[in-house]
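Peer 1: What follows is a single structure, and I will ask about it in a moment.
The values are calculated or read from the model by the stated rules, or taken from the named source; none is laboratory data. Predicted model, so just to flag it, every value in this text is computed and none were measured. A quick note on method: Cβ atoms are made from the backbone with ideal geometry, for glycine too, and the neighbour counts reach across all protein chains shown.
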Amino acid sequence: MKVAIIQEWLTTMGGSEKVVQSIAELFPQADIFALVADPKLVKDLALQDRKLTTSIIQKLPFGLKRYKSYLPLFPFAIEQFDLSEYNLIISSNHAVSKGVLTNGDQLHITYCHSPIRYAWDLHHQYLNEEGLGFGFKGLLARYFLHRIRIWDYLSSKRPDFFISNSNFIGKRIQKVYQQNSTTIYPPIEIDQFVLQTQKKDFYVTSSRMVPYKKIDLIVEAFSKMPDKKLIVIGDGPDFNKIRLLATQNIEFKGYLPMHQLILYLQEARAFVFAAIEDFGMLPVEAQACGTPVIALGKGGSLETVRDGITGILFREQTVSSLIDAVNLFETKSFSPSKIREHAESFSKVKFKENFLSFINEKMSCKMLD
């Protein structure tokens, strides 16, 4: 059986890249296709010995560094991959990879991280953040996003089966594409995060500093609680703006390598999370360290945090709601071992078992057809 794995881009390590890595480990002979690929990340993912095919985007000026500027070309580029020799096609999709062209004898399964956010549910937020009003550039961007929405919906009929990375995304797939999906939670390297039962008196949050992560909300909340220490890990476009909101009880660490981040996750009193995420790996990684999570009770956090057992869920994405949650958290006690036990249900081993079982079931049905 010949297997092809499709990923939109392999440029920075993130959740979808970790999914691709795990899938590739299940299929060691599989070939890899991506719109663009950075050789350094390919090596970090241990894919350097695979047959790797990139698209025309890679060959365009600054294609590797500024590939997102070529968004209008993505649908065309993904359709140019010739997959006719493969029996099984697995796409890791949050943009266009599900749109590869296949035939009736092939089985195409897509692992969907989300329908294209900036074309659907974050459409207006994306335009506002990029300063794209109704001037010439704004109208052009709106037109291209309109065209991409049409292509995105039509191409959603191409995969034979959808896998969602959470029930939250499963509902979005149903709403946007009118397609059913099966949830298989993404792989967490649980063994990398060692349980620590002794905690120190500080809170921690970590994220790329972009608007939807709501790190500004967390910083603003803790600036109103001067007796509580907060450590902020991560960098990004909004770093300086967010730092201006901080008071003396808030410490910024910037980007940290994983082994240093893990130390803070292990020692923190709690991990604070205010974003509406499709799944959200960091809250699970914190729980793997035995650290409770204070999280917004929306999106993937509703599936990864057990309210009152592995953390506290707050209801509104507001400063006051988060402050109330922190105060409530400090009246509760949590068992690090129980928190760790819950996190183990999201392990990489569990992902591989569930994913391979799904593939085998669908392949068997295909063969019977």
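Peer 1: Report, by residue number, each residue of the stretch 84-103 that is within 25 Å of the chain's Cα centre (by Cα), among the polar types (S, T, N, Q) and either within 18 Å of F358 (Cα to Cα) or not assigned by TED's automatic domain parsing to the domain that holds R147 (or both).
Peer 2: S91, S92, N93
Peer 1: Let me ask something additional. Whether any residue in the stretch 78-85 is touching a Lys or Arg at 6+ places or on another chain (Cβ under 9 Å), part of a loop (DSSP other than H, G, I, E, B) and either modelled with pLDDT of 95 or more or surrounded by 13 or more Cβ atoms within 10 Å (Cβ to Cβ) (or both) is what I want to check.
Peer 2: Scanning the stretch 78-85 turns up at least one residue that is touching a Lys or Arg at 6+ places or on another chain (Cβ under 9 Å), part of a loop (DSSP other than H, G, I, E, B) and either modelled with pLDDT of 95 or more or surrounded by 13 or more Cβ atoms within 10 Å (Cβ to Cβ) (or both).
Peer 1: Another question, if that's okay. Looking at the stretch 241-262, which of its residues are of a type in the set (A, V, I, L, M, F, W, C) and surrounded by 15 or more Cβ atoms within 10 Å (Cβ to Cβ)?
Peer 2: I242, L245, A246, I250, F252, L256, L261, I262
Peer 1: Please determine whether any residue of the stretch 117-129 is buried (at least 22 other Cβ atoms within 10 Å of the Cβ) and touching a strand residue (DSSP E or B) at 6+ places or on another chain (Cβ under 7 Å).
Peer 2: Taking every residue of the stretch 117-129 in turn, none turns out to be buried (at least 22 other Cβ atoms within 10 Å of the Cβ) and touching a strand residue (DSSP E or B) at 6+ places or on another chain (Cβ under 7 Å).
Peer 1: Something else about it: Restricting to the stretch 49-77, name every residue that is free of Cβ contacts under 8 Å to residues at least 60 places away in the same chain, assigned to a helix (DSSP H, G or I) and touching a helix residue (DSSP H, G or I) at 6+ places or on another chain (Cβ under 6 Å).
Peer 2: Those that are free of Cβ contacts under 8 Å to residues at least 60 places away in the same chain, assigned to a helix (DSSP H, G or I) and touching a helix residue (DSSP H, G or I) at 6+ places or on another chain (Cβ under 6 Å): I56, I57, Y67, Y70, A77.
Peer 1: Helices (runs of 4 or more DSSP H) wholly in the stretch 209-310 with at least 1 residues that are in contact (Cβ under 8 Å) with a residue 40 or more places away in the chain - which ones?
Peer 2: Answer list for the stretch 209-310: 215-223, 258-267, 281-288, 301-304.
Peer 1: May I pose another question? So which of L245, L265 is more than 23 Å from R340 (Cα to Cα), hydrophobic (A, V, I, L, M, F, W, C) and at pLDDT 95 or above?
Peer 2: None of the other options fit; the residue is L245.
Peer 1: Quick check on my filter: what residues within the stretch 311-341 are buried (at least 18 other Cβ atoms within 10 Å of the Cβ) and assigned to a helix (DSSP H, G or I)?
Peer 2: Passing the criteria: V319, L322, A325, V326, F329, P336, I339, R340.
Peer 1: Sticking with this structure for a sec: With respect to F74, is the statement that it is farther than 30 Å from F168 by Cβ and either of a type outside the set (D, E) or in contact with a strand residue (DSSP E or B) (Cβ under 9 Å, 6 or more places away or on another chain) (or both) true?
Peer 2: Considered against the rule, which asks whether it is farther than 30 Å from F168 by Cβ and either of a type outside the set (D, E) or in contact with a strand residue (DSSP E or B) (Cβ under 9 Å, 6 or more places away or on another chain) (or both), F74 comes out as no.
Peer 1: Could you list, in sequence order, all residues of the stretch 212-231 that are farther than 19 Å from E330 by Cβ and of a type in the set (F, W, Y)?
Peer 2: Selection gives Y212 alone.
Peer 1: Of the residues I89, I32, which single one is crowded, with 19+ Cβ neighbours inside 10 Å, free of Cβ contacts under 8 Å to residues at least 40 places away in the same chain and part of a strand (DSSP E or B)?
Peer 2: Matching residue, one of I89, I32: I32.
Peer 1: Continuing with the same structure: Do you know which residues across the stretch 184-240 are surrounded by fewer than 18 Cβ atoms within 10 Å (Cβ to Cβ), of a type in the set (S, T, Y) and in contact with a helix residue (DSSP H, G or I) (Cβ under 6 Å, 6 or more places away or on another chain)?
Peer 2: Matches in the stretch 184-240: T197 only.
Peer 1: Filter the stretch 315-369 down to the residues that are farther than 30 Å from L88 by Cβ, without any contact (Cβ under 8 Å) to a residue 40 or more places away in the chain and not polar (S, T, N, Q) and list them by number.
Peer 2: R315, E316, D324, A325, L328, E330, K332, K338, E341
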